[in-house]
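See structure below.
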Amino acid sequence: MLRYAVLFALALGLCAAQTARQSVKAKKVCDENAKDCLSGPNSFKCAMAFKNLTKLDGEIKILDIIPDLIDQPGVELNDEINEELEEREINFEAFDIEDVCGNRIKARKRSNARCYAFLNDYAEEDLDSCDTGLITSDGDHVDEGTVGDALCERAFNLTNVDEATREKARKNAWIIALVEIGAFHSYCGTDWQEVAVGKGKDRKPLNLKRKMCCFKRPDPKCENGLISKGRKKGKPCPTKPNVPKYRPCSGSKKFNKVCEKKKK
């Protein structure tokens, strides 16, 4: 009995000592269930996430988590993002808050305030922007299209989680409307909560200023390398499947502007 008690005490000690770096989970885990990627017992995390992408009430779909993306398993960040992280002083040590985790009110206030400071600029991002920034970085080098285009592709992949479902979905038109993206934080192991300012009726969550709408055309039917149906019948089949594109929900025609590749 004493032996088991000692082992249990050691386990508690290891848990209590867990740092922000040690609480990092693989992106695949976070994509499947945001609750599997909460902060450690002595740290906090900030995230940008889809708020209403699924029909499950209260479920969020993670886009990116800081500080996890600094050392995300299987993900290699480009120089531009690394420079931005350094400029904003986003490092693992800044997310360790063991000194306040004994007081949940102080911990919540600190986590909320710091996540607001880290993510406020990204919430102001225009979905027509060519600067994809942190909110769409998953290790891929996005050098064309808009922020909205990249987010729509992420939304498509998150709602069609496995390759078989995704392959079937590519054959059909795919549309989503009025998707909200917001900032969230988890502190001292708590569930994800909205990052917000104000209290009561004046409380305002930190959301992307524009809701997102996406449209994807069905992949054309092909035979012998040529399109077999539709107005493009007889033309060569595309080498890549159609990807989702962002469209402003207002109905504006000013969308999907061409973004020049960034010159290094």
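Values quoted throughout were computed directly from the atomic coordinates according to the rules given, and no laboratory measurement underlies them. Keep in mind that this is a model prediction, so the values were computed, not measured. Cβ placement follows ideal geometry from the backbone for every residue including glycine, while neighbour counts extend to all protein chains displayed.
Here are some notes:
- Of the trypsin sites (Lys or Arg not before Pro) found in the range 156-187, those in coil by DSSP whose Cβ has at most 13 other Cβ atoms within 10 Å are K171.
- Listed peptides 79-88, 213-222 by packing density, highest first (mean Cβ within 10 Å): 213-222, 79-88
- Anisotropy class of the range 20-248 from Cα gyration tensor, a/c 1.5 cut: prolate
- Each Cα pair under 8 Å and six or more residues apart adds its separation to the average, and for the range 20-248 the resulting relative contact order is 23 percent.
- In order through the range 96-111: 3J(HN,Hα) via Karplus (6.51 cos²θ - 1.76 cosθ + 1.60), integer Hz, x for Gly, Pro: 8, 10, 4, 5, 10, 5, x, 10, 4, 5, 5, 5, 5, 5, 5, 4
- Note, ³J(HN,Hα) from phi for the range 84-95, Karplus 6.51, -1.76, 1.60, rounded to Hz, x at Gly and Pro: 5, 4, 5, 4, 8, 6, 8, 9, 4, 4, 5, 9
- A simple spin-label model places pseudo-atoms 7 Å from Cα toward Cβ; at E180 and E98 they are separated by 3.7 nm.
- Flagged links, alpha-carbon separation over 22 Å, of K61/K245; K35/K216; K35/K199: K35/K216; K35/K199
- Distance in nm between pseudo-label sites at S228 and A164 (7 Å out along the Cβ direction from Cα): 2.4 nm
- Computed packing ranks the peptides 103-113, 228-238 as 103-113, 228-238, most packed first, by mean other Cβ atoms within 10 Å.
- Residues whose placed amide H lies under 5 Å from that of A196, excluding near-sequence neighbours: L206
- A prolate overall shape is assigned to the range 144-215, the ratio a/c of its alpha-carbon gyration tensor axes (a ≥ b ≥ c) being 1.5 or greater and a/b exceeding b/c.
- Residues of type aspartates and glutamates that K235 reaches as a straight line, Cα spacing below 14 Å, ignoring anything fewer than 8 places off in the same chain: D219, E223
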